[in-house]
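Just below is one structure, and these are the notes that go with it.
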Amino acid sequence: MSLEATPVEQTRRVDFIRRGLNLEYLTIAYNSLEGLIAVVAGLIAGSIALIGFGFDSVIEVTSGTALLWRLQADLDAEWRERVEAITLRVVGVCFLALAVYVSYEAVSSLVDHQPPQRSVPGIFLAVASLIVMPLLARAKRRVARGIDSGALMADARQADFCTYLSAILLGGLLCNALFGWWWADPLAALVMTPLICKEGIGALRGETCCD
């Protein structure tokens with residue numbers, strides 16, 4: 001976008017920024033509640049995937065906070081580019097932190113043969129996230145394209161991963177609850193690790209685009 005935007009373009013951009021801020025506030029609020037429920041339910045049930053899901057919520061809150069900073073700095077075009085680059089790296093570090101935690105805990109659980117208990121709250125939480133997170137991701141992508149922000153696009157991608165983790169978590173919890181397949185829980189947590197790492201490295205390199 002040109003530094004000398006027309007009044008119409010500027011008004012449109014301000015509208016996108018307002019929508020982006022509202023989405024990040026919603027992300028922080030929802031993931032704070034989601035993370036608290038997931039960690040408590042995971043500790044009670046001994047579910048590595050559920051605890052990892054809660055940690056993902058903490059990552060989402062961190063990412064959302066960084067994006068608030070990015071969006072609030074948008075009006076200054078020169079400062080915007082600097083904040084954009086920093087925010088993209090913050091999101092990349094969040095991806096990698098999630099991958100390290102989930103993989104470590106899942107491998108530990110498989111090696112130690114730690115069977116999780118059934119977790120009805122975890123199942124309901126996974127279903128709720130399967131509904132909420134795709135809507136958030138789609139809305140963030142629209143705003144990211146509107147303001148040409150790779151950082152916000154990466155944040156939307158993180159919401160996509162939360163959706164995938166929700167589906168994997170739900171599958172693992174249901175397999176354990178219905179069939180007693182305890183190994184499905186940590187195995188489910190491992191499935192997404194390579195993809196999460198790939199996204200994290202890409203964000204750190206600034207490779208995320210708005211295409």
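Scanning the stretch 24-39 for residues that are surrounded by fewer than 24 Cβ atoms within 10 Å (Cβ to Cβ) and touching a residue at least 60 places away in the same chain (Cβ under 8 Å) yields a count of 3.
With of a type in the set (A, V, I, L, M, F, W, C), exposed (fewer than 15 other Cβ atoms within 10 Å of the Cβ) and in contact (Cβ under 8 Å) with a residue 40 or more places away in the chain as the only criterion, which of ILE123, ILE131, ILE201 stands out? Spell out the reasoning first.
Working: ILE123 fails: exposed (fewer than 15 other Cβ atoms within 10 Å of the Cβ); ILE131 fails: in contact (Cβ under 8 Å) with a residue 40 or more places away in the chain.
That would be ILE201, the only listed residue that is of a type in the set (A, V, I, L, M, F, W, C), exposed (fewer than 15 other Cβ atoms within 10 Å of the Cβ) and in contact (Cβ under 8 Å) with a residue 40 or more places away in the chain.
Of all residues in the stretch 71-81, at least one satisfies being crowded, with 22+ Cβ neighbours inside 10 Å and of a type outside the set (S, T, N, Q).
Out of contact with any helix residue (DSSP H, G or I) (no Cβ under 8 Å at 6 or more places or on another chain) and touching a residue at least 12 places away in the same chain (Cβ under 8 Å): does that describe ASP160? No; evaluated as a whole, the condition is false for this residue. Taking the stretch 40-54 as the range and being surrounded by 19 or more Cβ atoms within 10 Å (Cβ to Cβ), part of a helix (DSSP H, G or I) and in contact (Cβ under 8 Å) with a residue 24 or more places away in the chain as the test, the residues that pass are ALA41, GLY42, ALA45, ILE48, ALA49, LEU50, ILE51, GLY52, PHE53.
Determine whether SER149 is of a type in the set (S, T, N, Q) and under 20 Å from the mean Cα position of the chain (by Cα). Considered against the rule, which asks whether it is of a type in the set (S, T, N, Q) and under 20 Å from the mean Cα position of the chain (by Cα), SER149 comes out as yes. Taking every residue in the stretch 88-115 that is of a type outside the set (A, V, I, L, M, F, W, C) and pairing it with any residue that is assigned to a loop (DSSP other than H, G, I, E, B), at least 6 positions away or on another chain, the pairs with Cβ-Cβ distances below 7 Å are GLN114/GLY46; PRO115/TRP182.
Yes or no, residue by residue, for (1) crowded, with 24+ Cβ neighbours inside 10 Å; (2) farther than 19 Å from ALA128 by Cβ; (3) of a type outside the set (A, V, I, L, M, F, W, C):
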{"residue": "ARG157", "(1), (2), (3)": "no, yes, yes"}
{"residue": "ALA167", "(1), (2), (3)": "no, no, no"}
{"residue": "LEU174", "(1), (2), (3)": "no, no, no"}
{"residue": "TRP183", "(1), (2), (3)": "no, yes, no"}
{"residue": "PRO186", "(1), (2), (3)": "yes, yes, yes"}
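Could you tell me whether any residue of the stretch 21-35 is closer than 14 Å to GLN158 by Cα, at pLDDT below 85 and either in a helix (DSSP H, G or I) or of a type in the set (A, V, I, L, M) (or both)? The answer is no, given that none of the residues of the stretch 21-35 is closer than 14 Å to GLN158 by Cα, at pLDDT below 85 and either in a helix (DSSP H, G or I) or of a type in the set (A, V, I, L, M) (or both).
The values are calculated or read from the model by the stated rules, or taken from the named source; none is laboratory data. Nothing here was measured: the structure is a model prediction, and the numbers come from that model. FYI the Cβ positions are ideal-geometry reconstructions off the backbone, even for glycines, and counts take in every protein chain you see.
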